[in-house]
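The values are calculated or read from the model by the stated rules, or taken from the named source; none is laboratory data. What you are looking at is a predicted structure, and each value in this text was computed from that prediction instead of being measured. Neighbour counts are summed over all protein chains in view; Cβ atoms, including those assigned to glycine, are modelled from backbone coordinates with ideal geometry. All accessible areas refer to the heavy atoms of the entire protein, side chains included, with ligands and DNA or RNA removed. Shrake-Rupley method; radii C 1.70, N 1.55, O 1.52, S 1.80 Å.
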Amino acid sequence: MGVSRSTYPLRALVTLLHFLVTLLVYYSKDANVRASLAIEYTRSDFDENMRSLEAALGLSMACFAIEIVSLLMGLSFLNPILSIFDTFLHVCGLVVVSFFMLDHWHYYV
């Protein structure tokens with residue numbers, strides 16, 4: 001099994017894991033927004049921060065849709081360097097989003 005054949009399943013797995021962790025952030029967004037606010041906050045502050053986080057998550061989901069379509073169509077299947085680079089970026093994104101969710105980082109980091 002060559003490098004180009006072994007990176008494709010790894011890329012698909014890492015992309016799926018990154019997508020799942022991003023979905024977990026979507027379901028725990030209230031905790032992350034509350035962590036970003038001061039101790040005493042107004043409802044309008046909460047709503048504004050929630051809209052901002054939802055916009056970022058919506059953009060992330062749109063990018064995942066494009067990524068999955070290109071993955072299923074095999075657009076980068078014959079370019080192993082691009083596949084390895086994409087896998088590396090998804091691993092980095094997976095780690096950062098995991099820490100964001102678990103440590104309740106400020107949404108504007």
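Some observations on this one:
- Taking every residue in segment 1-21 that is modelled with pLDDT under 85 and pairing it with any residue that is part of a helix (DSSP H, G or I) and charged (D, E, K, R), at least 6 positions away or on another chain, the pairs with Cβ-Cβ distances below 7 Å are R11/D86.
- Against the list (1) outside any helix (DSSP H, G or I); (2) within 25 Å of S6 (Cβ to Cβ); (3) not aromatic (F, W, Y), the condition H90 fails is (1).
- Residue, most open to solvent (accessible area, probe 1.4 Å), within segment 15-30, restricted to residues that are in a helix (DSSP H, G or I) and not hydrophobic (A, V, I, L, M, F, W, C): Y27
- Any hit, segment 58-66, residues being more than 21 Å from V91 (Cα to Cα) and either in contact with a Pro (Cβ under 6 Å, 6 or more places away or on another chain) or free of Cβ contacts under 8 Å to residues at least 40 places away in the same chain (or both): no
- Any hit, segment 38-55, residues being modelled with pLDDT under 85 and on the phi < 0 side of the Ramachandran plot: yes
- Cβ-Cβ distances below 7 Å connect the following pairs, each with a first residue in segment 32-49 that is hydroxyl-bearing (S, T, Y), a second residue that is at pLDDT 85 or above and surrounded by 13 or more Cβ atoms within 10 Å (Cβ to Cβ), and a separation of six or more residues or different chains: S36/N49.
- The residues of segment 43-92 that are aliphatic (A, V, I, L, M), within 16 Å of S28 (Cα to Cα) and open to solvent by 30 Å² or more (accessible area, probe 1.4 Å), listed by number, are A55, A56, M61.
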